[in-house]
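Asks: Once you've had a glance at the structure underneath, I'll fire off some questions.
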Amino acid sequence: MPISLSDIMPEEALESLRDYLKNLIKSIDLFRKSLKLLNEVRVGEARSLLAEVVKARSEANKSRLRLIEVIENSRLEPSVKEDILHFIKRLDAISDNVKEAARELTIMPYLEVPSPIRDGLNRLADMVLQAASHVAEATERLITGEHKRALELVNKVLEIEEEADRVDVDNRGKLIVYADVIKPSTLAILIHDFNKDLENAVDSCAEAADYLHILITTWLQIEMIV
């Protein structure tokens, strides 16, 4: 019979995991809102939100460290423990990439980026928030034992990751198309790095979703219907 994460993880670990995911999504949401404010030429408000991204990530990091400590000291079967810790690492990779994107946004003259490229970057930022939100919800579904819905959300994350790959390639292609417009040339490097951080964030969401899939199908013993 399928079991839930709440059946195998200590209550303190579940509380820390929920706090971690809450602050992770908060930091990504703040980042996305700051980007929208920049598009509306509300630069001062955008910079204030970018500072809040760092604070939210700091809170998430506190929960992450507490979560890792509890998991490492728990009596979970070693292989289960390892998969959960790998899942946490993938969540942290999402946070790291968003942090780097936020840093680049503070120094990039974003409004000088050609509008078609900004549109592509906005699409990627939307996908980061969507994919991370699906990962967070899927995790909550595992905690409560709703495996079917968790798998649906995992599949949605993987679909978003495939679309993000296409947007990433399209964005990089536009760097060539608009090469004569992007001045100075170092701005193209910043745009490329910013685009890559967003794409990497979505990739990390997909990797986190893969570990959720492993937890469902291997350790929580769900029967797969083909």
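Asks: With respect to residue 197, determine if the residue is under 20 Å from residue 26 (Cα atoms) and either surrounded by fewer than 23 Cβ atoms within 10 Å (Cβ to Cβ) or without any contact (Cβ under 8 Å) to a residue 12 or more places away in the chain (or both).
Replies: Yes: the conditions hold for residue 197.
Asks: If residue 192 satisfies all but one of (1) surrounded by fewer than 21 Cβ atoms within 10 Å (Cβ to Cβ); (2) under 30 Å from residue 85 (Cα atoms), what's the number of the condition it fails?
Replies: (2)
Asks: Which condition breaks for residue 182 when tested against (1) farther than 24 Å from residue 32 by Cβ; (2) assigned to a loop (DSSP other than H, G, I, E, B); (3) open to solvent by less than 50 Å² (accessible area, probe 1.4 Å)?
Replies: Exception for residue 182: condition (1).
Asks: For the range 89-121, which residues satisfy the criterion of being surrounded by 17 or more Cβ atoms within 10 Å (Cβ to Cβ) and more than 30 Å from residue 17 (Cβ to Cβ)?
Replies: Within the range 89-121, 108, 110, 113, 117, 118, 120, 121 meet the criteria.
Asks: If you don't mind, there's one more thing I want to ask. Take the residues of the range 34-73 that are under 15 Å from residue 91 (Cα atoms) and of a type in the set (Lys, Arg): which is most open to solvent (accessible area, probe 1.4 Å)?
Replies: 62
Asks: Out of the residues in the range 108-147 that are among the β-branched types (Val, Ile, Thr) and more than 21 Å from residue 92 (Cβ to Cβ), state the one that is modelled with the lowest pLDDT.
Replies: Of everything passing the filter in the range 108-147, 144 is modelled with the lowest pLDDT.
Asks: Open to solvent by less than 30 Å² (accessible area, probe 1.4 Å), in a loop (DSSP other than H, G, I, E, B) and not hydroxyl-bearing (Ser, Thr, Tyr): which single residue out of 14, 76 fits that description?
Replies: Just a single option satisfies the conditions, and that option is 76.
The values are calculated or read from the model by the stated rules, or taken from the named source; none is laboratory data. It should be emphasised that the depicted structure is a prediction, and the values quoted were computed from it without experimental measurement. Virtual Cβ from ideal backbone geometry, glycine too; neighbours counted across all protein chains shown. Ligands, DNA and RNA are stripped out before the accessible areas are found, and what is left, the full protein with its side chains, is counted by its heavy atoms. Shrake-Rupley method; radii C 1.70, N 1.55, O 1.52, S 1.80 Å.
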